[in-house]
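J.: Below is a structure I'd like to ask you about.
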Amino acid sequence: MTEKNLKANRNYKDTVFRMIFSDRKNLLSLYNAVNGTSYKNPEELEIVTLENAIYMGMKNDLAFIIATNLFLYEHQSTYNPNMPLRDLFYISSEYQKLVDHKSLYSSVLQKIPAPNFIVFYNGTEKKEDRWENALSDAYETPDKEPRLELKVLTLNMNEGHNKELMEQCQTLREYAKYVALVRKYKKEMKLDAAVKCAVDECIQSGILAEFLKKNRAEVIAVSIFEYDKEEEEKKLRKAEYEAGYDDGKKLGITEGEIRKAKETAIELTKVGMAKSQIAAIFKVNENMLRQWLEK
């Protein structure tokens, strides 16, 4: 791959985060930092990411087993309160792969690794160091003791957050510096130039230097795609909000952006999300939502 005329490639599935931490050594370092452990042998970590498990365009970044526990790691650049539901779909597929289906009909208890769900967030919307989202938050009828629960811990990995975690994992700390540099240069120049400047500065400063030298062209292409996608998601969120006015004021939002919001609402109904909840997400009343779904 050459760097000449690099553009946002819609076929890219990877992120820079996933490229870095797909390496067992880096992933083990991140796991140790998050859990306060000191595993030394990367071979003790079994990567079980389902490469072809894509549901409604949703794909988990990293899944691995260590010490009989199953961890799902996800990178997010925009806040997503629906991660518990997404992880529920994914963990179901993961367990289907891991268990012997015939044994499910026997009298012997089928043992499974205990799941853990973590999101590494580097967006700009949320300022907390960490927070937790629960599947039960989405239930139309609140339940103090839900029969089905799934909790997702999100860790803010922007510079200045979770300092102890960053100190324990050099690779994560350097990744945060790379992200900060891309955002800094984005304010001064076009995206493709900003990414190239960030990569060059990191290499010169010894930040992810070996990784960036080895994967320079691909990192640039993936980063352009990532940050272009992040901007599109911000525009969509703006469309979702402004499409909620019953008086039809669009405040400059294009028909294409409104169409994206409607398409997302339709997809959410397909996975069984309640219409009242969808209406709340898009800040529209249920009458308008019904109009969206009928068109």
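The values are calculated or read from the model by the stated rules, or taken from the named source; none is laboratory data. Quick caveat: nothing in here was measured; it's all calculated off a predicted structure. We place every Cβ from the backbone using ideal geometry, glycine too, and count neighbours over all the protein chains shown. With ligands, DNA and RNA removed, areas are computed over all heavy atoms of the protein, side chains included. Shrake-Rupley method; radii C 1.70, N 1.55, O 1.52, S 1.80 Å.
J.: Go through the stretch 245-284 and give me each residue that's at pLDDT below 70 and open to solvent by less than 60 Å² (accessible area, probe 1.4 Å).
T.: Result: G248, I253, G256, E257, I258, F282, V284.
Results for (1) at pLDDT 95 or above; (2) of a type in the set (A, V, I, L, M); (3) farther than 25 Å from F89 by Cβ, shown as yes or no for each residue.
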residue: E159; (1), (2), (3): no, no, yes
residue: E164; (1), (2), (3): yes, no, yes
residue: E174; (1), (2), (3): yes, no, yes
residue: Y178; (1), (2), (3): yes, no, yes
residue: L181; (1), (2), (3): yes, yes, yes
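Rundown of residues vs (1) without any contact (Cβ under 8 Å) to a residue 60 or more places away in the chain; (2) closer than 29 Å to K25 by Cα; (3) outside any helix (DSSP H, G or I); (4) not aliphatic (A, V, I, L, M), yes/no style:
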{"site": "L72", "(1), (2), (3), (4)": "yes, yes, yes, no"}
{"site": "H75", "(1), (2), (3), (4)": "no, yes, yes, yes"}
{"site": "N80", "(1), (2), (3), (4)": "yes, yes, yes, yes"}
{"site": "P84", "(1), (2), (3), (4)": "no, yes, no, yes"}
{"site": "K127", "(1), (2), (3), (4)": "yes, no, yes, yes"}
{"site": "L153", "(1), (2), (3), (4)": "yes, yes, yes, no"}
{"site": "E167", "(1), (2), (3), (4)": "yes, yes, no, yes"}
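J.: Show the residue pairs meeting these rules: Cβ distance below 8 Å; 6+ apart or different chains; first residue within the stretch 88-99 and under 25 Å from Y139 (Cα atoms); second residue small (G, A, S).
T.: Pairs found: Y90/A53; Y90/A63; S93/A53; E94/A53; E94/A63.
J.: If you don't mind, another one. Keeping to the stretch 18-30, report how many residues are open to solvent by less than 30 Å² (accessible area, probe 1.4 Å) and modelled with pLDDT of 95 or more.
T.: 5
J.: On the basis of being open to solvent by less than 40 Å² (accessible area, probe 1.4 Å), more than 25 Å from R130 (Cα to Cα) and either in contact with a Pro (Cβ under 9 Å, 6 or more places away or on another chain) or of a type outside the set (D, E) (or both), does V219 make the cut?
T.: yes
J.: A further question on this structure: Failed condition for A33, given (1) within 26 Å of D228 (Cβ to Cβ); (2) over 18 Å from the mean Cα position of the chain (by Cα); (3) at pLDDT 95 or above, with all others met?
T.: (1)
J.: Give me the residue from the stretch 84-125 that is over 30 Å from V16 (Cα atoms) and of a type in the set (A, V, I, L, M, F, W, C) and, out of that set, modelled with the highest pLDDT.
T.: For the stretch 84-125, the residue satisfying everything is I112.
J.: Separate question: I'd like the residue in the stretch 110-133 that is of a type in the set (A, V, I, L, M, F, W, C) and within 16 Å of the chain's Cα centre (by Cα) and, out of all such residues, is surrounded by the fewest Cβ atoms within 10 Å (Cβ to Cβ).
T.: Taking the candidates together, the pick is W131.
J.: Only one residue in E145, E174 is among the acidic types (D, E), assigned to a loop (DSSP other than H, G, I, E, B) and under 28 Å from D87 (Cα atoms), so which one is that?
T.: E145
J.: A follow-up question, please. Identify, from the list A180, A193, A198, the residue that is part of a helix (DSSP H, G or I), open to solvent by 20 Å² or more (accessible area, probe 1.4 Å) and over 30 Å from Y39 (Cα atoms).
T.: When all the criteria are applied, what remains is A193.
J.: When you check T15 against the structure, is it open to solvent by 40 Å² or more (accessible area, probe 1.4 Å) and either at pLDDT below 95 or polar (S, T, N, Q) (or both), yes or no?
T.: Criteria not met by T15.
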